[in-house]
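Here is the structure we will look at.
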Amino acid sequence: MPKATRPLSRLSPLLALCLAMAALPAGAEKADRDKPLLFTSDKPSVYTVDGSEGELSGNVIISQGTLRLAADQVKVKLPPDGFQRFFASSTGDKQVEFRQARDTPGEVVVGLADRIEYDTRADTVRLIGRAVMRVLRGALVVNEASSAVLVYDKRSETFIMEPGENAAQASGRNRLMTLPRGAGAAPAGAAASAVPLQPSTSIQPRKGS
């Protein structure tokens, strides 16, 4: 079980400002929210008739327009408010993948983690354990963040980074790479000049994973 990460609210204001948020230049694909949700899986799965609860397993793929969530297992909850929540996990070294096109033509957000929680009401994607998020422009990596926990707010196109022992970096530290505008191709994980980070006033980090 991954150990709880230290919430950013307990860090110094300067450290929280430097590590908390990185602004992205444009919104996620807004047309996706009006598309039907599609579920596919290879193994026996259970889903209630009213759609309030479900458990899917075996190469599970959930898609909605350009949005795609791929995992070994996914639990689905539909509270009375009508907004679904997805709890996705994978086994072994395989990770859960979240992918969605952005409103900027040719750009895609890709997230990888041991577990992913997607809340359709808050429009947030929580990546837990060896979390990595990239913004791709074709094959070009223009932004890459890694941490123990990443929380991506699709509405504001911001993400919060929570360091911890289960981070993608062996040191447990947050890591952010941004590619300067007009720069050439950069491989995933390559160093580049950073842009100013911006704190979020809307996402509140949890006190543990």
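The values are calculated or read from the model by the stated rules, or taken from the named source; none is laboratory data. What you see is a predicted model; the values in this text were computed from it and never measured. Positions of Cβ are generated from backbone atoms using ideal geometry, with glycine treated the same way; all protein chains shown enter the neighbour counts.
Things to note:
- For A139: the one exception among (1) at pLDDT 90 or above; (2) on the phi > 0 side of the Ramachandran plot: (2)
- Only residues that are under 22 Å from Q73 (Cβ atoms), more than 9 Å from the chain's Cα centre (by Cα) and basic (K, R) were counted in the stretch 122-168, giving 1.
- Entry remark, the stretch 94-118: residues being more than 25 Å from E165 (Cβ to Cβ) and over 11 Å from the mean Cα position of the chain (by Cα) number 8 in total.
- Residue among A22, A4 that alone is assigned to a strand (DSSP E or B) and modelled with pLDDT under 50: A22
This table checks each residue for (1) in contact with a Gly (Cβ under 7 Å, 6 or more places away or on another chain); (2) more than 30 Å from G82 (Cβ to Cβ); (3) not in a loop (DSSP other than H, G, I, E, B).
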| residue | (1), (2), (3) |
| --- | --- |
| V109 | no, no, yes |
| G129 | no, no, yes |
| F159 | no, no, yes |
| A170 | no, yes, no |
| L176 | no, yes, yes |
